[in-house]
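Structure first, then comments.
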Amino acid sequence: MTDVIDGDAIAGEIRDELEGAVQRLRDEGVAPTLATVLMSPDPASETYVSMKQRDCEELGIETRDVELPLDSPAGDLYATVEELNDGDGVHGILVQMPVPDHVDDREVIERIDPAKDVDGFHPENVGRLVAGNPRFEPCTPHGVQKLLDAAGVDTEGADVTIVGRSDIVGKPLANLLLDKGPGGNATVTVCHSRTEDLTAKTREADVVVAAAGVPELVDGSMLSEGVVVIDVGVNQVDADTEKGYELVGDVEFESASEKASAITPVPGGVGPMTRAMLLHNTVKAASEQSGVDVELP
Ligand code: GUN
């Protein structure tokens, strides 16, 4: 029997565990607050940002919502970030990626106060992660780590193959899984578009994490019996539906489930975990900035 890992349920448990921390902050007069900044040419970004805001509001986290026209000068975005850095009531800042081509995304990220960088994208926070002393674990990799733990997958000594080397998922996830301690101690292989024999790497893995942004790249023929499969992909592909498209992951679910002992669905797998870990990081930011200690899941 293949276990279909229920990301919605696991994320729900994390949100429930965060409720106490939010309440404690509020009791101490601290209203945890996340600012979102939207200047993204990807039409899906608007939906992602509004889902993140709704999650916050449901948990009692305040939100500030800044939207900039796509043709705004890069300086407007930098100025927005700097205002939010200086804003006393703002604990976390999230600039939704991607930004338009005329804006240098690295420059934007470097301008975010590292203490408010709840994505964990700032070079200081990346450095701390690589050094094994993270401040904010990036949301999607942290969500994958929590999913594996909740699904009873022991990463210690496991061969994990990550397909995709992005700054948002592949690289930080490799660092988290390599770290000493619970949820780490794995032997990690990171594959990418220039990997010569991807199938050889996925077949030797106990855990495959697909995060390449290529629809259904990984199928059952590339997997060994009993593997755990985590699908990070969210791809819109043309389909005969009301919207004219459907969402598929980076894994071909049907054939992969025939081999896997456990697998995440799309949607309902990694996506809700990413959002839960953003709430986690926002609460952590509010706690560290206010000096009010809270217990975090
Ligand atoms: N775009 C896609 N994923 C993310 C994310 O995790 N954070 C931000 N800021 N933008 C994204």
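In summary, strands (runs of 3 or more DSSP E) completely within the stretch 206-276 and bearing 3 or more residues that are farther than 23 Å from T189 by Cα occur at 235-238, 245-248.
Do we have I10 as over 30 Å from E225 (Cα atoms) and crowded, with 16+ Cβ neighbours inside 10 Å here? Considered against the rule, which asks whether it is over 30 Å from E225 (Cα atoms) and crowded, with 16+ Cβ neighbours inside 10 Å, I10 comes out as no. Taking the criterion of being assigned to a loop (DSSP other than H, G, I, E, B) and either touching a strand residue (DSSP E or B) at 6+ places or on another chain (Cβ under 9 Å) or surrounded by fewer than 18 Cβ atoms within 10 Å (Cβ to Cβ) (or both), the residues of the stretch 119-134 that qualify are D119, F121, A131, G132, N133.
Taken over the stretch 135-157, the criterion of being in a helix (DSSP H, G or I) and buried (at least 17 other Cβ atoms within 10 Å of the Cβ) is satisfied by C139, T140, P141, H142, G143, V144, Q145, K146, L147, L148, A150.
When the residues of the stretch 234-245 are filtered to those that are β-branched (V, I, T) and more than 14 Å from the chain's Cα centre (by Cα), which remaining residue is nearest to the ligand (Cβ to nearest atom)? Looking at the filtered set, the residue picked out is V237. Going by what's in this entry, would D16 be described as acidic (D, E), under 19 Å from the mean Cα position of the chain (by Cα) and closer than 16 Å to I61 by Cβ? Here the answer is yes, as D16 does meet what is asked. Total residues in the stretch 111-150 satisfying the condition of being of a type in the set (D, E, K, R) and more than 17 Å from the chain's Cα centre (by Cα): the figure is 4. R128 meets each of the listed conditions (1) touching a residue at least 60 places away in the same chain (Cβ under 8 Å); (2) touching a Pro at 6+ places or on another chain (Cβ under 7 Å); (3) of a type in the set (D, E, K, R) apart from (1). Residue count for the stretch 246-283, restricted to those that are crowded, with 20+ Cβ neighbours inside 10 Å and within 16 Å of the ligand (Cβ to nearest atom): 17. Residues in the stretch 151-172 that are within 15 Å of the ligand (Cβ to nearest atom) and more than 16 Å from the chain's Cα centre (by Cα): 0 in all. Of the residues making up the stretch 277-292, not one is outside any loop (DSSP other than H, G, I, E, B) and on the phi > 0 side of the Ramachandran plot. If the condition is being without any contact (Cβ under 8 Å) to a residue 40 or more places away in the chain and under 19 Å from T47 (Cα atoms), then the stretch 223-233 contributes only G233. Here E295 does not fit the description of being on the phi < 0 side of the Ramachandran plot, surrounded by 14 or more Cβ atoms within 10 Å (Cβ to Cβ) and among the charged types (D, E, K, R).
Among the residues of the stretch 218-230, is there at least one that is at pLDDT 95 or above, buried (at least 19 other Cβ atoms within 10 Å of the Cβ), of a type in the set (D, E, K, R) and closer than 22 Å to S255 by Cα? Checked the stretch 218-230: no residue is at pLDDT 95 or above, buried (at least 19 other Cβ atoms within 10 Å of the Cβ), of a type in the set (D, E, K, R) and closer than 22 Å to S255 by Cα.
The values are calculated or read from the model by the stated rules, or taken from the named source; none is laboratory data. Note that this is a predicted model, so its numbers are computed, not measured. Please note: Cβ atoms are built from the backbone with ideal geometry, for glycine as well, and neighbour counts cover all protein chains shown.
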